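**Student:** Okay, handing you the structure first.
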Amino acid sequence: MNMEKILGNPERMFDGDNIYVISEMAEVGQTYGFICPTCHNYFDVKVEREENYKVNCPECDTTICFTSTKNGGPKATADTNIHRTQVSLRSKMMKSAGMLKWTLDGKEQTKKLKKGTYVIGRQDSLEPSDISLSDSTASRRSVQIEVHKGSRSGNYSFKLTVLKTTNAVFVNNNMLYANDCVYLNYGDILKIGDTALLFDKAD
C-alpha cells in the first residue's frame, strides 16, 4: 500500500463521541494519509484549500478535524479549540418542539420547528428558503435545521448544518464554516448575516 505522510495523532474531542482533532496543521497542496482511530482503516485526503477540514472515515464514519495553511508548513500547530467550539455532533434530546424568534422591522417573527427539515437564508425568488430573511448580509439558503422526533421517547433533536458561509454564520458567538454541524439547545442564539434568531422551547 502506497501510504502518504500521516498527519499528526488524532485526539478524541468529546468523551463517548467518535470525533477526533489533529493539532498538526496540514499544508495546502499536499496529500495526507489518515489511520482511523476507531476502525484503523487507512484513507487519504488531498488538501486543496486553506480552511478548517472535517473528514469522515469511509468505513465507520468517524470524524477527524484538522486545519490547513498555505504558510508555515506541516509543523505548525492549529488552534484545536476552534474545532471544539465549532463541531459538536452529540445528539441532545428535547422534550418539546422548538421555535425560532427574530425581529423584522421592529416586529417579532416566530417559526415553530416541527419534525422535518428547514432551510434558512436570505429572501430570494430564485433560491427560496423555508425561513426567508429580509437581510442583504445573509447568504441564500445559508443553513438547514433537521428536526427529528424519537418514535418511542417522543423527544426532539435539532441538528443545524451550515450550507453556505459567503456571509458569516454564528451560534452563540462561535463562527461556523461550511458543512459544520451543531445540535441546538434552548436559548442558543443563531446569527445569520445581521439577523439574530433565538432558538427556544415552543409555546
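The values are calculated or read from the model by the stated rules, or taken from the named source; none is laboratory data. If you're wondering where the values come from, they're calculated on a predicted model, not measured in any experiment. Don't worry about glycine lacking a Cβ; one is built from the backbone with ideal geometry, like all the others, and counts go over all protein chains shown. Calculation scope for accessible area: heavy atoms of the full protein, side chains included, ligands and nucleic acids excluded. Shrake-Rupley method; radii C 1.70, N 1.55, O 1.52, S 1.80 Å.
**Student:** Specify the residue with the greatest mean-square fluctuation among Glu51, Glu27, Glu127, computed from a Gaussian network of the chain linking alpha-carbon atoms under 10 Å apart.
**Tutor:** Of Glu51, Glu27, Glu127, the most mobile in the Gaussian network model is Glu127.
**Student:** Taking 24 Å as the cut-off for C-alpha to C-alpha distance, list the pairs among Lys107/Lys191; Lys107/Lys159; Lys164/Lys191; Lys107/Lys164 that go past it.
**Tutor:** Those over the limit are Lys107/Lys159; Lys107/Lys164.
**Student:** Shifting gears a bit: Taking R0 as 30 Å, what FRET efficiency do you get between Gln123 and Thr161 from their Cβ-Cβ distance, rounded to the nearest 0.05?
**Tutor:** So the FRET efficiency works out to roughly 0.90.
**Student:** What list of ³J(HN,Hα) couplings, whole Hz, do you get for segment 146-160 from phi and the Karplus terms 6.51, -1.76, 1.60, once you set θ to phi - 60° and write x for glycine and proline?
**Tutor:** 3J(HN,Hα) across segment 146-160, in whole Hz: 9, 9, 10, 10, x, 5, 9, 6, x, 7, 10, 10, 10, 9, 9.
**Student:** Among 104-113, 153-162, how do they line up from the highest to the lowest mean number of other beta-carbon atoms within 10 Å?
**Tutor:** Result, highest mean first: 153-162, 104-113.
**Student:** Explain nothing, just compute: Karplus ³J(HN,Hα) = 6.51 cos²θ - 1.76 cosθ + 1.60, θ = phi - 60°, for every residue of segment 197-203 in order, whole Hz, x for Gly and Pro.
**Tutor:** Each residue's phi maps through the Karplus curve to give 10, 8, 9, 9, 5, 5, 5 Hz.
**Student:** Applying 1/(1 + (r/R0)^6) with R0 = 45 Å to the Cβ-Cβ distance of Glu108 and Thr31, what FRET efficiency is obtained, to the nearest 0.05?
**Tutor:** Efficiency for this residue pair is about 0.35.
**Student:** Next question. Amide H to amide H, which residues 5 or more places from Gln109 or on other chains are under 5 Å from it, using H placed in the peptide plane?
**Tutor:** Trp102, Thr103, Leu104
**Student:** Need one number: nm distance between label points at Asn179 and Lys201, each 7 Å from Cα along Cα→Cβ, rounded to one decimal.
**Tutor:** 3.7 nm
**Student:** Another question, if that's okay. Mind checking which of Ser136, Ser96, Ser151 has the largest fluctuation in a GNM of the chain, springs on alpha carbons under 10 Å?
**Tutor:** Maximum fluctuation in the GNM of the chain, among the listed residues, is at Ser151.
**Student:** Then there is this: Which cross-chain or sequence-distant (5 or more) residues have an amide H under 5 Å from the amide H of Thr62, H modelled 1.01 Å from N in plane?
**Tutor:** Cys57
**Student:** OK, next. Under the Cβ-under-4.7 Å rule, which cysteines of the chain stay unpaired?
**Tutor:** If one checks each Cβ against the other cysteines of the chain, Cys65, Cys181 turn up with nothing under 4.7 Å.
**Student:** A further question follows. Along the Cα-to-Cβ line of Tyr186, 7 Å from the Cα, sits a label point; which residues in segment 145-168 have backbone N less than 14 Å from it?
**Tutor:** 155-158
**Student:** I would also like to ask the following. How much mean residue ellipticity at 222 nm does the chain get from its helices, if each DSSP H run of length 4 or more adds -39500 (n - 2.57) and you divide by all residues, to the nearest 500 deg cm²/dmol?
**Tutor:** -1000 deg cm²/dmol
**Student:** Separate question: Considering only protein heavy atoms and a 1.4 Å probe, what is the carbon-and-sulfur percentage of the accessible area of the chain?
**Tutor:** About 42 percent, which is the carbon plus sulfur part of the accessible surface.
**Student:** OK, next. Determine ³J(HN,Hα), in whole Hz, for all residues of segment 97-109 in sequence, where each value follows from phi through the Karplus function 6.51 cos²θ - 1.76 cosθ + 1.60 and θ = phi - 60°; x replaces Gly and Pro.
**Tutor:** For segment 97-109, the Karplus-derived couplings read 4, x, 8, 9, 10, 8, 10, 10, 6, x, 10, 6, 10 Hz, x marking Gly and Pro.
**Student:** Can you send over the solvent-accessible area of Arg140, 1.4 Å probe, protein chains only, in Å² to the nearest 10?
**Tutor:** About 80 Å², rounded to the nearest 10.
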